[in-house]
Each structure stands twice: as structure tokens, then as C-alpha cells.
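Undergrad: First, the structure itself, so that you have it in front of you.
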Amino acid sequence: MSAQLRDTAGELAEILWREHTVYRERSGGVVIRGEHVRRWISLAPAGGRDEVLVRAGRILDGGTTAPARSEAVVPLSAGTGVLAATCRRLLAEAAADVAPVAPGRASPKRSKRSNQSGKAARPKGSGKHTSFGSWVILACVAGVIALYVYSTAMHG
């Protein structure tokens with residue numbers, strides 16, 4: 001089964017991506033990595049004799065892999081075309097499940113000028129509440145004004 005899985009993975013990799021890496025896992029499965037699309041496909045023997053468990057996921061920054069986003073069991077006798085169609089569906093699901101833009105990264109809708117300061121955007125739930133440091137500054141300014149008014153009234 002391992003040799004058949006490796007051969008099938010090689011054929012499948014050629015169909016899915018021009019650039020890919022195919023390697024065997026310790027568990028006996030085969031992984032196809034598409035670095036340029038930041039996705040991976042895993043083929044592993046499933047419970048049935050002729051069945052393969054297909055899993056798809058993302059490749060994170062630094063080259064590590066995220067856990068599988070979706071999976072399906074496909075009979076190997078169905079052929080490479082059916083397997084490729086299943087992989088494309090799983091890859092599409094994995095792409096659709098991608099989390100929103102990470103904090104600190106500009107969204108495509110923003111202009112370059114809005115992110116030039118290099119500071120991360122304010123979290124969505126923070127609203128327009130005044131921070132503790134702002135309250136301290138306001139209290140100091142009010143104290144200076146009160147001291148000026150008091151001083152002018154006493155010596156005035």
C-alpha cells in the first residue's frame with residue numbers, strides 16, 4: 001500500500017501544482033507540499049483496504065504546517081482524477097477557512113499612508129474610550145489650571 005500511495009501522490013502532485021515536494025511521513029502516509037500556494041495535502045491509509053484518508057491544510061510563516069482544515073476518505077480505485085477533484089475541494093475549503101488578517105498587518109483596503117507609523121491597529125473592541133494615561137494627563141492639566149486660578153485669586 002505504501003508504494004502505491006507514493007506513486008499516486010507523485011501523479012497527484014503533478015496534477016495539482018507545478019512546484020511541489022513529496023515526502024513520506026513516519027506513519028506511512030505521504031505529504032505533498034505546495035510552498036508557492038502555502039498549502040499541503042496528506043494521503044494516508046484509511047480503515048478500508050482500498051481507501052485513502054486525504055487531509056488538506058495551510059503552511060504557516062516559517063514553513064511549519066497548520067493542522068488539517070478538512071479531510072475526506074476516497075477509494076484509490078476511483079482514479080487520480082477523482083482524487084485530484086477531492087484534493088481541490090479540500091484545498092478550497094482550507095483556503096476559505098483562513099483566519100482574518102493577523103494583528104499588525106495592513107489589510108488590502110487600507111492605504112499605504114494609514115500604516116506608515118508601524119503601529120498595530122487598535123483592536124476592534126476598544127472603541128474610543130480614554131485610556132488611563134490620558135486621564136492622568138487631564139488630571140495634571142486641571143490641577144495646574146486650578147493652582148493658577150487659586151494663585152491669581154489670592155495675590156490678585
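Bear in mind these aren't lab numbers, they're just calculated from the coordinates by the rules spelled out. Worth saying up front: this structure is predicted, and the values here are computed from it rather than measured. Cβ coordinates were reconstructed from backbone atoms using ideal geometry, including for glycine residues, and neighbour counts include every protein chain displayed.
Undergrad: Given 0.36 nm per residue, what is the gain on full extension from Glu51 to Val73 after removing their alpha carbon distance, in nm?
TA: Gain on extension, Glu51 to Val73, equals 7.3 nm.
Undergrad: Give the calculated FRET efficiency between His36 and Asp7 to the nearest 0.05, with a Förster radius of 22 Å applied to their Cβ-Cβ distance.
TA: 0.40
Undergrad: Thr130 to Asp61: FRET efficiency via 1/(1 + (r/R0)^6), r the Cβ-Cβ distance, R0 30 Å, to the nearest 0.05?
TA: Efficiency, from the Cβ-Cβ distance: 0.25.
Undergrad: For Glu19 and Glu93, what is the calculated FRET efficiency with R₀ set at 22 Å and r taken between the beta-carbons, to the nearest 0.05?
TA: For R0 = 22 Å, the calculated efficiency reads 0.50.
Undergrad: Ranked highest first by average number of other Cβ atoms within 10 Å, how do 137-143, 55-61, 18-24 line up?
TA: Peptide ranking by packing, descending: 55-61, 18-24, 137-143.
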